[in-house]
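Asker: Handing you this structure, nothing more for now.
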Amino acid sequence: MRRREFIAVLGGTAAWPIVAGAQQPAMPVIGFLSSRSPDGSTQYLAAFRQGLNQIGYVEGQNAAIEYRWAEGHYDRLPTFAADLVRRQVTVIVAPESTPGALAAKAATPTIPIVFHVGGDPVALGIVPSISRPGGNITGVATLSVEVGQKRLELLHELVPTASIIALLVNPASPLAETLATEAHAAAHTLGLNLHVLHASAERDFDTVFATLGQLRAGGLVIGSDVFFNTQSRQLAALAVRFAMPTIYQYREFTAAGGLISYGSSLTDPYRLVGLYAGRILKGEKPADLPVQQSTKVEMIINLKAARALGLTVPLPLLARADEVIE
């Protein structure tokens, strides 16, 4: 073989790996838009990754995830959403966050979005229909606002002598007004005097619990909000410290020492969001994926907290509990 021919063959052979490498499809990128902080989110991230894995995607192997943590500061979400759009991620997920879902929707009409909200996504203006979400957005809806009245009823059952009850809401939440309206209606039916208190930062909690004493409130209902979810341990500790019978939505509150929780699980919706994100990465369109509705609720009672508060849990209520923490 002549030298010129040998160089040509060698050059062509050397080029093959480069061409093959260039033909490899780019790894899809998921934009993870969260109202939470990474601390305390380990189990939920595991559930989200489990959903992805069910469709065949593994973070770091055939899918990448760009995380944006608002850490309870909802005003950061529009900026984070816009940044993910600029980075041209393949899909944006906004789990456990109505503000996150709204921020993502406002940021892009084209990049697919998967949300998880605790309420009616149609009433919240996220999708026009549950069965036919249309456009570039779909997700998971769990019962939250819908069972708010039930939480007040359960607290009344636990402390029937209390005539003054407080509701804690985050004024920065799009659900705050609805939660207050629903709670006032339930309180009127039960013959209770309801006061609405506000907290949007951890520094507000001491003031809230001091105000409860001034109001002579006999119980507290914590309105559903992702910021409060991240502060379950702190809220449970304050409820014990101020001897305030308190009910919240998630098991994490009672597991941290709170008295009672009533609502849906958080881990399964995260898994479902991961499942939908994986299906979209496989090529399905959000418009063709109906919003999944999780209607399962669970009641958890912490007897240790009840004893610390000097409360006797009625046997009928105890019998209805899905879990009793001794």
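The values are calculated or read from the model by the stated rules, or taken from the named source; none is laboratory data. The structure presented is a predicted model; accordingly, all values stated were derived computationally and were not measured. So basically every Cβ, Gly included, is an ideal-geometry build from the backbone, and we count neighbours across all protein chains shown. Keep in mind that these areas ignore ligands, DNA and RNA; they rest on the heavy atoms of the full protein, side chains included. Shrake-Rupley method; radii C 1.70, N 1.55, O 1.52, S 1.80 Å.
Asker: Any chance you could count how many residues in the stretch 205-219 are closer than 21 Å to R151 by Cβ and part of a helix (DSSP H, G or I)?
Answerer: Total meeting the criteria: 6.
Asker: If you don't mind, another one. If you go through the stretch 251-286, how many residues are open to solvent by 40 Å² or more (accessible area, probe 1.4 Å), in a helix (DSSP H, G or I) and not charged (D, E, K, R)?
Answerer: 2
Asker: Determine if the stretch 223-231 includes at least one residue that is touching a strand residue (DSSP E or B) at 6+ places or on another chain (Cβ under 6 Å), modelled with pLDDT of 95 or more and either part of a helix (DSSP H, G or I) or at negative phi (or both).
Answerer: Checked the stretch 223-231: no residue is touching a strand residue (DSSP E or B) at 6+ places or on another chain (Cβ under 6 Å), modelled with pLDDT of 95 or more and either part of a helix (DSSP H, G or I) or at negative phi (or both).
Asker: Continuing with this model, one more query. Identify, please: which residue in the stretch 71-106 is more than 16 Å from V127 (Cβ to Cβ) and among the charged types (D, E, K, R) and is, among those, surrounded by the most Cβ atoms within 10 Å (Cβ to Cβ)?
Answerer: E96
Asker: Scan the stretch 128-146 for residues that are open to solvent by 30 Å² or more (accessible area, probe 1.4 Å), within 16 Å of I280 (Cβ to Cβ) and under 20 Å from the mean Cα position of the chain (by Cα) and jot them down.
Answerer: Listed by number, the list is empty, since nothing qualifies.
Asker: Need the failing condition index for S97 against (1) in contact with a helix residue (DSSP H, G or I) (Cβ under 9 Å, 6 or more places away or on another chain); (2) of a type in the set (S, T, Y); (3) at pLDDT 95 or above, just the number.
Answerer: Condition (3) is where S97 drops out.
Asker: Same structure again: Scan the stretch 28-50 for residues that are assigned to a loop (DSSP other than H, G, I, E, B) and either in contact with a His (Cβ under 9 Å, 6 or more places away or on another chain) or loosely packed, with under 12 Cβ neighbours inside 10 Å (or both) and jot them down.
Answerer: Those that are assigned to a loop (DSSP other than H, G, I, E, B) and either in contact with a His (Cβ under 9 Å, 6 or more places away or on another chain) or loosely packed, with under 12 Cβ neighbours inside 10 Å (or both): S35, P38, D39.
Asker: So L197 fits all but one of (1) modelled with pLDDT of 95 or more; (2) open to solvent by less than 10 Å² (accessible area, probe 1.4 Å); what number is the exception?
Answerer: Result: L197 fails condition (2) only.
Asker: Check whether at least one residue in the stretch 236-249 is surrounded by 16 or more Cβ atoms within 10 Å (Cβ to Cβ) and either closer than 23 Å to P133 by Cβ or touching a Pro at 6+ places or on another chain (Cβ under 9 Å) (or both), and report yes or no.
Answerer: Yes, the stretch 236-249 has at least one match.
Asker: Just the residues that are modelled with pLDDT of 95 or more and surrounded by fewer than 18 Cβ atoms within 10 Å (Cβ to Cβ), please, taken from the stretch 293-303.
Answerer: Hit for the stretch 293-303 is L303, nothing else.
Asker: Can you tell me which of (1) open to solvent by 50 Å² or more (accessible area, probe 1.4 Å); (2) in contact (Cβ under 8 Å) with a residue 24 or more places away in the chain; (3) of a type outside the set (A, V, I, L, M) is the one P160 doesn't meet?
Answerer: Going through the list (1) open to solvent by 50 Å² or more (accessible area, probe 1.4 Å); (2) in contact (Cβ under 8 Å) with a residue 24 or more places away in the chain; (3) of a type outside the set (A, V, I, L, M), P160 breaks only (2).
Asker: Considering the stretch 116-127 alone, what residues qualify as being small (G, A, S) and within 15 Å of the chain's Cα centre (by Cα)?
Answerer: Correct list: G118, G119.
Asker: For the stretch 287-298, which positions are in contact (Cβ under 8 Å) with a residue 24 or more places away in the chain and not in a loop (DSSP other than H, G, I, E, B)?
Answerer: A287, Q292, Q293, S294, E298
Asker: Please go through (1) on the phi < 0 side of the Ramachandran plot; (2) touching a strand residue (DSSP E or B) at 6+ places or on another chain (Cβ under 7 Å) for E96 and return the number of the only condition it doesn't satisfy.
Answerer: Here E96 clears every test but (1).
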